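S.K.: Pasting a structure here, questions to come.
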Amino acid sequence: MTAFEIVSREDFSDVTYLLEVRHPLMARAARPGQFVIVMLHEHGERIPLTIADFDRAKGTITLVIQAVGKTTREMQQACRVGTSLHGLAGPMGVPTPIGHAKKVICVGGGLGVAPIFPQARGHKEAGAKVIAVLGFRSRDLVFWEDKFRAACDDLILCTNDGSAGMRGFVTDGIRVALEGHRDVDEVVAIGPPVMMKACAEATRPHGIKTTVSVNPIMVDGTGMCGGCRIKVGNQVKFACVDGPDFDGHQVDFDDLMTRLGRYRDQERAAQERWAGSCRMTREVGPSALDAVVSRGTPQAELLELPDPYDEVQGG
Ligand SMILES: Cc1cc2nc3c(=O)[nH]c(=O)nc-3n(C[C@H](O)[C@H](O)[C@H](O)COP(=O)(O)OP(=O)(O)OC[C@H]3O[C@@H](n4cnc5c(N)ncnc54)[C@H](O)[C@@H]3O)c2cc1C
Ligand code: FES
């Protein structure tokens, strides 16, 4: 048995995959709403991933990952059952407050369906009535429907094309849920920023407390670098230590979306470099990739990241 060993893997689609990782201490400590920082290999980038599930008896945590760029694609190729992650730090972030609400709507959009699961289960275990609203583009992308049906009192499944459940977005699902349940205490929404913004706008006229889990770019995950700062009301917060859950009616989503796109050129360059080295590996054998890795090229150099401290001063 090795540290951080991958004990199971499931592929939900061409780009979305699940890894169940052995880490008994993490499984014992994890609470809904928390995340980990993962390093695939010694020279790998540190990326934040939400703990989508934990099993204290088995001593494992579950991550659900979308391959969007260099590291998540590299993990998609490299992480097989029996292999190990190089590093796994956490659990990080403030656990979601649970136990105060009697009726909760848990909304997950696309990949956000995975991180909303521990929150839905947590609210249910605390005695709340839980309605899940899950949104996907189409039937072939749907995952964990059965898991949610088992953990929640009601499930509203939405697809953009109507190929499963009702046709529409999660905001349509929220509307249906609110028509059927006038006494909802809280809505929790996780998904792309544009979706969480729409959910917050859907609940604002009803005055229902709405919690979202934000995903700014994180570097250290300890509140030191300021990379993950977001605007909440008239305050600046660091998502890694103050969140990632915040009041959705207060979050400045436009600022969050602008900041998320800030390193797009560097991210594209890193991905192209990595894809190029994969091609070299296929064409001239593994020694080409080994050479890149063994030179120990630091990740910051690979990504040509601007100094994060640049940004902190301005607030
Ligand atoms: C608290 C938190 C929880 C997250 N949970 C999940 C999860 O459960 N599953 C999942 O698939 N993704 C999750 N993410 C997003 C994930 O961290 C990024 O998709 C990943 O870092 C992208 O790295 P890359 O090299 O593959 O792509 P890149 O090409 O480097 O980036 C692609 C996009 O990912 C985002 N991103 C890049 N680097 C970071 C970073 N260091 N921190 C945050 N976002 C970044 C940016 O929006 C960027 O445009 C989470 C992010 C945060 C902040
Ligand atoms: S990642 Fe939050 S302060 Fe650095």
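S.K.: Just in the range 1-97: which GluC sites (Glu not before Pro) are loop by DSSP and have at most 16 other Cβ atoms within 10 Å?
M.R.: 42
S.K.: A follow-up question, please. When Lys and Arg each count +1 and Asp and Glu each count -1, what net charge do the other residues less than 14 Å away from residue 84, Cβ to Cβ, add up to?
M.R.: On the way: positive: 9, 22, 80; negative: 5, 20, 42.
Here the charged neighbours net out to 0.
S.K.: With Cβ to Cβ distances under 12 Å as the rule, what net charge do the other residues near residue 213 carry (K, R +1; D, E -1)?
M.R.: -2
S.K.: What is the range 1-145 by shape, rounded, prolate or oblate, if you read a ≥ b ≥ c off the alpha carbon gyration tensor as root eigenvalues and call it rounded for a/c under 1.5, prolate for a/b larger than b/c, and oblate otherwise?
M.R.: Oblate is the answer for the range 1-145, as a/c is 1.5 or above yet b/c matches or exceeds a/b.
S.K.: Computing the accessible area with a 1.4 Å probe over protein heavy atoms, can you report the carbon and sulfur percentage for the range 133-225? Walk me through the numbers on the way to the answer.
M.R.: On the way: 2230 of 4300 Å².
On the range 133-225, the fraction of accessible area on carbon and sulfur atoms equals 52 percent.
S.K.: Kindly give the semi-axes, whole Å and largest first, of the ellipsoid equivalent to the range 1-79, taking each as the square root of 5 times a Cα gyration tensor eigenvalue.
M.R.: Taking √(5λ) for each eigenvalue gives 20, 13, 12 Å, largest first.
S.K.: Let me ask something else about it. Using a 1.4 angstrom probe on heavy atoms only, work out the carbon and sulfur share of the accessible area of the range 23-74 in %.
M.R.: Its accessible area is 52 percent carbon and sulfur atoms.
S.K.: Leaving out ligands and nucleic acids, and using a 1.4 Å probe, what accessible area per residue does the range 180-240 come to in Å²?
M.R.: About 43 Å² of surface per residue is accessible.
S.K.: Shifting gears a bit: Could you state the accessible area per residue of the range 8-131 in Å², with a 1.4 Å probe and every protein chain left in place?
M.R.: In whole numbers, the range 8-131 has 38 Å² accessible per residue.
S.K.: In addition: Quick check: Cα centre of the range 22-98 to Cα centre of the range 105-128, how many Å?
M.R.: If we compute the Cα centre of each part, the gap is 18 Å.
S.K.: Report, as a whole number in µm² per second, the diffusion coefficient that Stokes-Einstein gives for the chain at 20 °C and 1.002 mPa s using the Kirkwood radius over alpha carbon pairs.
M.R.: The calculation lands on 105 µm²/s.
S.K.: Using a 1.4 Å probe and ignoring any ligands, DNA or RNA, find the accessible area of residue 172 and quote it in Å² to the nearest 10.
M.R.: 40
S.K.: Less than 11 Å Cβ to Cβ from residue 233, Lys/Arg counted +1 and Asp/Glu -1: what total charge do the surrounding residues give?
M.R.: Numbers: positive: 231, 237; negative: 247, 252.
Net charge around residue 233: 0.
S.K.: Let me ask you something else. Decide, for the range 157-283, between rounded, prolate and oblate: order the square roots of the alpha carbon gyration tensor eigenvalues as a ≥ b ≥ c, take rounded if a/c falls under 1.5, and otherwise choose prolate if a/b is larger than b/c, else oblate.
M.R.: Oblate, since a/c reaches 1.5 and b/c is not below a/b.
S.K.: Moving to a separate point now. Which trypsin sites (Lys or Arg not before Pro) in the range 144-247 sit in a loop by DSSP (not H, G, I, E or B) and have at most 14 other Cβ atoms within 10 Å of their own Cβ?
M.R.: Sites meeting the loop and neighbour criteria: 182.
The values are calculated or read from the model by the stated rules, or taken from the named source; none is laboratory data. Just so it is clear, the model here is predicted, and its values are computed rather than measured. Here the Cβ is made from the backbone with ideal geometry for all residues, glycine too, and neighbour counts use every protein chain on show. The accessibility values were calculated without ligands, DNA or RNA, using every heavy atom of the protein model including side chains. Shrake-Rupley method; radii C 1.70, N 1.55, O 1.52, S 1.80 Å.
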